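Shown next, in structure tokens, is the structure this report addresses.
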């Protein structure tokens, strides 16, 4: 966005590639960014200026949290005084009540990034399956057409359920990017249910899979929201400030200097910025007191439910840069020394974050996937596209670099057609990865129209429309079209070798 | 590469494979085959290298060298320099490959162990892996010790039913049925039909048969006869799959490129035939 507000407004109101709702949202962002009232520290300003830190275009005057994760279960149990809703008696009431709340979520973008653990919320209301399918189709269609944002995320519980099966079936059938979807996988998730979910993933690029045991240990009763952010249910991700690790080699004189001086310094800069933004949201704007969600107990204002998200990208470039690695076999992802140094950086980062007292709630470490303006940093601690080693080594590397990412991380793998006939193949990989400590995995069929762009879904056909100056319903297409050009996403290594 | 005692010639190891048996498997391809099928899709796995050196000159990456040890000349292959362009394979006039590593079971095990958290087990293939039964028995034993399964992908020419040590460590076999009559089988593979049929029967009885597979090649053999025979052999075992594989031009020798690929309809008809004859699970690929 340019500094000339008139230009920005004219561009926004004339832009042929956005819908009316997207236009309204862009106009609100211009208004918000016309004043800057957050009080940043000197250290934060230094890091914004040297490019090693970024505010994710979250807005210069944040009057709401980035992510809001209401306790939908409580909401269905008690109804809502403010929304004048009784607790639901049947599945249509339940769906209706949920939709009312979705349109009243006070978070960035004005739309929910989390719409609940749908199968668990709706299973108690499933009586007759055909009726339930009709109601769930109504819900999913409404969400897709009105929320229209692939950052909107539904969860599925670890247990097999009628509602879960219906959602998987409809998801495969509808082939829409919204809502994004994650199944919270546990060791006792039945194989048969897992295979049904993997079947759906191969045709619709969702659900993804979260390691329930690991995240529950870190976050308690949690939800996967937006791309794959992990937050406590009844909580908020107040803000996300990102460390651009690919810029750190410019600040470090040696590998030791990076670990001993630059990382502690950078952690101060990022945590300061998180605190400053939280201060504005929580104290200056009285975010909690100004929403009925807080009054009705659907979100909580306490240490365990307020998360300041510490994001990072570009670990690979940081390692290669600081160690001066050029030959393919010695670079991050393949070289032993490089990978060991990468792990050391991550450990150091977490150690410094844990040392620092948090002014609002607590800090969560999040492997960020990138935004459309990015070109220099690989998402989180992933291996750059084109440099991936064989799949088992890529998975082990992913596990190793993201051990401390309690607020979410993800890795994604496109698979060939042949894999569709053998869902147990993916089940074996997934279970092995989770037992080895992986937090989150996404799979998709390399030939499907729905593709995963860093963490959310877009339709290849929508990207084409966007490039041809046509509007598409999914807001994420706007991000996706540029992200995938800059990050070469369609060049990802396709897995599942065919053999005669 | 020079062959030493206790080793087998490894042509290739694929860490994760979705098409070599149940779930995710590490596939290990051994060099050398006792059949010579007209349409072979990887003819470079048929013969051992005869050290003629033609590929040494052709290699653009300098990954292949002539070497000599104990008076024996052989082609040495350096996997770290290889760019996988397969020029050597195209150059070879002997249906062989210089990209062979002679490895002991322990060496193979060391290389594949990092894949074990993610796989159901391993599958050995070829070439014809049962030409190296002692090696397989040792490797499978090591694999079983780690709690994983061992499958053999075979053309069935080596009698397996009397190889007790081997069978003790083998979970499943996957056996080719290339033709339905003795005449067709000899024409196509150069070998008889008896052993594959006997192996299929015996392995099915032992519960050690995962699937049989038939490559459907129009005009060369009577495909209906093949499927009729195959179905009759496995109809009584509902857990055994029948895999019908479309003949494809990818990888075959130039002189067989004029054989037509079968149509989808032809494949479906053969699938229906197998189903009618009592086969429960049919995979067409």
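Placing a pseudo-label 7 Å from each Cα along the Cα-to-Cβ vector at residue B:113 and residue A:41 gives an inter-label distance of 4.7 nm. For the pair residue B:85 and residue A:279, label points projected 7 Å from Cα toward Cβ lie 6.3 nm apart. Its DSSP H runs of at least 4 residues, each contributing -39,500 (n - 2.57), put the calculated 222 nm mean residue ellipticity of chain A at -12000 deg cm²/dmol, to the nearest 500.
Give the shape of chain A as rounded, prolate or oblate, defined through the alpha-carbon gyration tensor: a ≥ b ≥ c are the square roots of its eigenvalues, a/c under 1.5 means rounded, and otherwise the shape is prolate if a/b is larger than b/c and oblate if not. Intermediate values should be presented prior to the final figure.
Values: a/c = 1.44, a/b = 1.12, b/c = 1.29.
It comes out rounded by the Cα gyration axes.
With the gyration tensor restricted to C-alpha atoms of the stretch A:99-188, the semi-axes of the equivalent ellipsoid amount to 21, 15, 12 Å, longest first.
For the pair residue B:232 and residue B:284, what calculated FRET efficiency results from E = 1/(1 + (r/R0)^6), where r is the Cβ-Cβ distance and R0 = 25 Å, to the nearest 0.05? That pair, residue B:284 with residue B:232, gives E of 0.85. Once the Cβ-Cβ distance of residue A:191 and residue A:6 is raised to the sixth power relative to R0 = 45 Å, the FRET efficiency obtained is 0.15.
In units of the rule-of-thumb radius 2.2 N^0.38 Å, the stretch A:256-377 shows an alpha carbon radius of gyration of 1.32.
Averaging Cα coordinates gives a centre for the stretch A:250-307 and one for the stretch A:123-198; these two points are 33 Å apart. The C-alpha atoms of the stretch A:1-159 occupy a region whose extents along the principal axes are 58, 38, 31 Å, arranged from largest to smallest. Assuming a ≥ b ≥ c are the square roots of the Cα gyration tensor eigenvalues, decide whether the stretch A:293-440 counts as rounded (a/c under 1.5), prolate (otherwise, with a/b larger than b/c) or oblate. Oblate. With the simple spin-label model, which puts each label point 7 Å out from Cα in the Cβ direction, the residue A:385 to residue A:295 separation comes to 4.7 nm. Multiplying the residue separation of residue A:347 and residue A:470 by 0.36 nm and removing their Cα-Cα distance gives an extension gain of 39.7 nm. Normalised by 2.2 N^0.38 Å, where N is the number of residues, the C-alpha radius of gyration of the stretch B:1-67 stands at 1.35. Which shape class applies to chain B: rounded if a/c is under 1.5, otherwise prolate when a/b exceeds b/c and oblate if not, where a ≥ b ≥ c are the square roots of the Cα gyration tensor eigenvalues? In terms of gyration-tensor shape, oblate. Round to the nearest 0.05 the FRET efficiency obtained for residue A:78 and residue A:17 when R0 = 35 Å and r is the Cβ-Cβ distance. Efficiency computed from Cβ-Cβ geometry: 0.25. Based on the Kirkwood radius over alpha-carbon pairs, what is the Stokes-Einstein translational diffusion coefficient of the stretch B:18-135 at 25 °C with 0.890 mPa s viscosity, in µm²/s? In µm²/s, the coefficient rounds to 156.
Since every read-out is calculated from the coordinates, none of them should be taken as a lab result. Just so we're clear, the structure is a prediction, and the values are computed from it rather than from any experiment. Neighbour counts run over all protein chains shown; Cβ positions are idealised from the backbone, glycine included.
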